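The values are calculated or read from the model by the stated rules, or taken from the named source; none is laboratory data. Fair warning: this is a prediction, and the values are worked out from it, not measured in the lab. In this analysis, Cβ positions are derived from the backbone assuming ideal geometry, glycine residues included, and neighbour counts consider all displayed protein chains. SASA here: full protein model, heavy atoms, side chains in, ligands and nucleic acids out. Shrake-Rupley method; radii C 1.70, N 1.55, O 1.52, S 1.80 Å.
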Amino acid sequence: MIEIKDVTKRYGETVVLDGVSLTIAPGGVTSVIGANDAGKSTLLSVVSRLVPADGGTVTVDGMDVATTPGDRLARRLAVLRQDNHLSVRLTVRELVAFGRFPHSGGRLTAADRDLVEEAIDHFELGDLADRHLDQPSGGQWQRAHVAMVLCQDTDYVLLDEPLNNLDMRHSAQMMRRLRRMADDYGKTVVMVVHDVNFASCHSDTIVAMKDGSVVAQGTTVEMMTPEVLNAVYDLDIDVHEIGGHRIGVYFS
Amino acid sequence: MTPSPPSPAPAPVSPASPATARTSPPAAPRGLSPAQTAARHRERRVLAVLALLAVAAVAGFCLIGLTGDWEYALGLRTRKIATMIVVGTAVACSSVLFQTVTGNRVLTPGVMGFDQLFVLIQTLIVFLFGALTLSSADPRLLFAGQVAAMVLFAGALYRLLFGRGGRDLYVLVLAGVVFGTLFGSLSSLASRLINPNDFVVLQDSLFAGFNQVDPDLLALSALLVAAAAVWTARLAPRLDVVALGRDHALNLGVHHARVVNRVLVVVAVLVSVSTALVGPVTFLGLLVASLARQLTGTFRHGTVLPAAALLAVTVLVGGQLVLERVFTMDTALSVIINFAGGVYFIALLIRESRR
């Protein structure tokens, strides 16, 4: 369980997180939605100890993320941020293999390698696995990064915009993969998603943020209503039921 | 799951979670992929060739043109060689480490004016205390004081330049040039203000060159560099992770800030050693760090660090050999290194700007 209590974060005068309290139950897929600058990414970064909070506490299964040793946390919680510029030149396989570092400390065992290969195959990266990618396409790089984080094989997986740069096919594939991690392996997936419809189709719980606060939280059915979405996005969104999923229409 | 000790030794694989058990088929143990094996072989071949080159340069330097009282000459040359090995290793390691923690492949302590900072510290100490007091002090103690000041000020300089992260490369290069020039001008100002006798003492220590190095200082430096090399080797797997950047490093459980701080202390010590022994060799580090990465084709510190050190030794010893025996000149190696390195630096900058 992830427990967020009264977390605040300021950058200078700007309050990015304003006393956020939130509990994310173990298991399932939780999507965090909201407009730009609502504080979604910052919240994810604070929960994953990439950014220290100015106030409040975050615990993951009772471990305070601010004080728990990093290597211990790294075996329980994995995070991928949005901007992943790398200054080193490495192959896809090398990058994915880093996901095993918290477990093997840089020396991969046979079991580690199996996990790496499995992730590479799943994300259809086999053809480029051994190539040095100096200027890879955004989609390939994004898939490689997610593959790395999944290789970490942690109970909690936090992803900021995992669909960044992905085309439709790879987006759907990514979502199915995340869904399967929750359903088959009992992982807890928390992700920031821009597209409400991906959130609607693939998550169990949706958390809506606005201006640094959580404004609504509930099941997909509870959250995917014109009223809630309007309040979150300040935008008229029609919600239709298509193929058993609630789809928001906001293109007109 | 239990926390493993922060050692780079192969930690036991954490107890497999259910997912691990299910996702990994009970197949035969998997080794490296063919491409990986080929890459490792290449790395090893490159290291072997570099080692051979370094040994050849050292042997050539020791033996070519050895006439007269060969025992005396050999002793003299051995000391020169030892100096170059210590300096080469120090410059190579400090540059690779600095590039890792700053997350770029263009900047080095030399480019950022760290060696000029050390010269300034040396000058200011003479300026403040006078050469007389200093000449009566133990040179090793004096050196320790200089290194301590260097660690302090280099740390402050790093905070100033890289503090909030995400600086533009060109701003950093510019800042490095400005700071380097500033420290250089301040040293020359201070050396004009001190009295002539003090200045002679200072000049002796500043422009030591490879020819007249204090044996005590050399031994201490060798010890420091060896200690730094051992420490770095042990840290290598975690340095690989740090090279991915702060976020990835934290996610993978490496205490990024702690590693960076320790690396900076080691870098400051290494820069002090090389500058104290032979003065600033600004572009050598950049040259060997980049070449080492290109030749070995990897970023892993376990390979890049020894490759860079071997390259540095080859360049220094081989360059000195060619200069002394072929062109029969005696001094200008650093000029040539800085010329070649400077051209390379500009090429790197242009390449980066196109990315």
Am I reading the B/A interface right? What is its buried accessible area, both sides, 1.4 Å probe, to the nearest 100 Å²? 4100 Å²
Label model pair A:Met1, B:Cys62: point-to-point distance (7 angstrom along the Cα→beta-carbon line) in nm is 7.0 nm
With the solvent-accessible surface defined on protein heavy atoms using a 1.4 Å probe, which residues belonging to segment A:59-96 display a reduction of at least 30 Å² in accessible area in the multichain context relative to the isolated chain? A:Asp71, A:Arg72, A:Arg75, A:Arg81, A:Leu86, A:Ser87, A:Val88, A:Arg89, A:Arg93, A:Glu94
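Estimate the FRET efficiency between B:Ser353 and B:Val49 by the formula 1/(1 + (r/R0)^6), using the beta-carbon distance for r and 45 Å for R0, to the nearest 0.05. Numbers along the way, then the final one.
Working: r = 32 Å, r/R0 = 0.72.
Here the calculated transfer efficiency is 0.90.
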Over all Cα pairs of the protein assembly as shown, the Kirkwood radius sets Rh, and Rg/Rh then becomes 1.05
A:Trp141 accessible area, assembled protein chains, probe 1.4 Å, Å²: 40 Å²
Rounded to whole Å, give me the distance from the Cα center of segment B:142-195 to that of segment A:138-172. 42 Å
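With the Cα gyration tensor of segment A:1-156 giving a ≥ b ≥ c as the square roots of its eigenvalues, does the rule (a/c under 1.5 for rounded; else a/b larger than b/c for prolate; else oblate) give rounded, prolate or oblate?
Prolate shape, in that a/c is at least 1.5 and a/b is the bigger ratio.
Subtract the Cα-Cα distance of B:Arg234 and B:Leu174 from 0.36 nm times their separation in residues, and report this length gain in nm to one decimal. Numbers along the way, then the final one.
Details: separation 60, 0.36 × 60 = 21.60 nm, distance 3.40 nm.
That works out to 18.2 nm of additional length.
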What accessible surface, in Å², does a 1.4 Å probe find on A:Glu227, ignoring ligands, DNA and RNA and rounding to the nearest 10? 130 Å²
What residue among A:Thr219, A:Thr109, A:Thr30 has the largest mean-square fluctuation in a Gaussian network model of chain A, using Cα springs under 10 Å? A:Thr109
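Rounded, prolate or oblate: which fits segment A:22-66 when a ≥ b ≥ c are the square roots of the eigenvalues of the alpha-carbon gyration tensor, with rounded for a/c under 1.5 and prolate only if a/b beats b/c?
Values: a/c = 2.33, a/b = 1.12, b/c = 2.08.
In terms of gyration-tensor shape, oblate.
May I ask you to derive the FRET efficiency for B:Arg40 and B:Leu193 from their Cβ-Cβ distance with R0 = 56 Å, giving the value to the nearest 0.05? Intermediate results must be reported in sequence, preceding the final value.
Details: r = 57 Å, r/R0 = 1.01.
That pair, B:Arg40 with B:Leu193, gives E of 0.50.
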Quick one: among B:Thr303, B:Thr133, B:Thr100, which has the greatest mean-square fluctuation in a GNM of chain B with alpha-carbon springs under 10 angstrom? B:Thr133
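Ordering B:Tyr158, A:Tyr250, A:Tyr11 from largest to smallest accessible area (1.4 angstrom probe), what's the sequence?
The most accessible residue leads, giving A:Tyr11, A:Tyr250, B:Tyr158.
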Give me the percent relative contact order of chain B, please, defined on Cα pairs under 8 angstrom at least 6 residues apart. 32 percent
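A:His132 to B:Leu186: FRET efficiency via 1/(1 + (r/R0)^6), r the Cβ-Cβ distance, R0 45 Å, to the nearest 0.05?
Working: r = 43 Å, r/R0 = 0.96.
About 0.55, to the nearest 0.05.
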Heavy-atom accessible area per residue, chain A, 1.4 Å probe: how many Å²? 40 Å²
Using the Cα gyration tensor of segment A:108-166, with a ≥ b ≥ c the square roots of its eigenvalues, what is the shape: rounded (a/c below 1.5), prolate (a/b larger than b/c) or oblate (neither)? oblate
Once ligands and nucleic acids are excluded and a 1.4 Å probe is used, how much of A:Glu241 is accessible, expressed in Å² to the nearest 10? 130 Å²
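Which sequence of A:Leu125, B:Leu217 reflects their accessible areas, 1.4 Å probe, from the largest down?
Values: A:Leu125 0, B:Leu217 30 Å².
Descending accessible area places them as B:Leu217, A:Leu125.
Any chance you could count the Lys pairs in the protein assembly as shown whose alpha carbons are under 19 Å apart, treating pairs 8 or more apart or on different chains as valid?
Values: A:Lys5/A:Lys40; A:Lys5/A:Lys210; A:Lys9/A:Lys40; A:Lys9/A:Lys210; A:Lys40/A:Lys210.
The number of close lysine pairs in the protein assembly as shown is 5.
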Between the alpha-carbon centers of segment A:1-68 and segment B:261-288, tell me the distance in whole angstrom. 41 Å
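Please state the relative contact order of segment B:276-355 as a whole percent: Cα pairs under 8 Å, 6+ residues apart? Intermediate results must be reported in sequence, preceding the final value.
Details: 45 pairs, mean separation 30.2, N = 80.
With pairs under 8 Å counted, the relative contact order is 38 percent.
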For chain B, the percent of accessible surface on carbon and sulfur atoms (probe 1.4 angstrom, ligands and nucleic acids excluded) is 68 percent
Starting from the Cα of B:Ala257, step 7 Å along the direction of its Cβ; do the same at B:Leu152; then give the gap between the two resulting points in nm. 2.2 nm
